[in-house]
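*Asks:* Below you'll find the structure I mean.
The values are calculated or read from the model by the stated rules, or taken from the named source; none is laboratory data. From a predicted model like this one, the values you see are computed outputs, not experimental measurements. Here the Cβ is made from the backbone with ideal geometry for all residues, glycine too, and neighbour counts use every protein chain on show.
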Amino acid sequence: MNAREKAIIEAAVNVFSRYGVKRTTMNDIAAEAGIARQTLYNAFSNKDEVLQATIRLFSDQSTARIEAEFETARELGDRLDVIFRHIAVEPFDLLNASPNAEDIVAGFNASSQKEIAAAAERNRVIIAETLAPSKAAIEESGLTLDQFADFVQRSASGAKYNAGSRKHLLALLKALKVSTLKVARGG
């Protein structure tokens, strides 16, 4: 992704937050980015492509931050904190900072859902790699590493959409962390 596309995406995030996905137009995005509408269309053919690129960029940035923080987070519990912060807490905070959070979530269409699914799969892989040293303990509990990683990823992601507040989200993630550590340690 080039610098112009990143600037367009940053502008789109501002507009999506302000108006919601459904009410945002390509004109709104172009105006926010300070570019001609044709320049926007040269980069993205439609709003769906802008939304897909936005999801992809956020996912890429999240993955990069997780990997960077793993350099200092060596213990499983610390790594779970990093993962949960980037895949659940930060998106929760971002959505709740927008007055149009429900419309943003509702604006995710089929093509956006594919990007969200791809991001979830990347997160599942990160979780599986993180849990890999505990594979034997996980298998002793009757699960495969991939099943457990999928469960942890879906639980963390689901918590961000179902929590009633940030405090509730943090409590859900704490319960998930404790449970994950118990299974990973054979407890």
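*Asks:* What number of residues within segment 61-88 are within 11 Å of the chain's Cα centre (by Cα) and without any contact (Cβ under 8 Å) to a residue 12 or more places away in the chain?
*Replies:* 2
*Asks:* Take residue 15 and decide whether it is crowded, with 20+ Cβ neighbours inside 10 Å and assigned to a helix (DSSP H, G or I).
*Replies:* yes
*Asks:* In segment 92-113, is there at least one residue being buried (at least 17 other Cβ atoms within 10 Å of the Cβ), at pLDDT 90 or above and closer than 17 Å to residue 153 by Cα?
*Replies:* yes
*Asks:* Does residue 23 count as on the phi < 0 side of the Ramachandran plot and outside any helix (DSSP H, G or I)?
*Replies:* Here the answer is yes, as residue 23 does meet what is asked.
*Asks:* For segment 43-77, enumerate the residues that are buried (at least 19 other Cβ atoms within 10 Å of the Cβ) and either touching a Ser or Thr at 6+ places or on another chain (Cβ under 8 Å) or assigned to a loop (DSSP other than H, G, I, E, B) (or both).
*Replies:* Answer for segment 43-77, where residues must be buried (at least 19 other Cβ atoms within 10 Å of the Cβ) and either touching a Ser or Thr at 6+ places or on another chain (Cβ under 8 Å) or assigned to a loop (DSSP other than H, G, I, E, B) (or both): 44, 47, 51, 52, 55.
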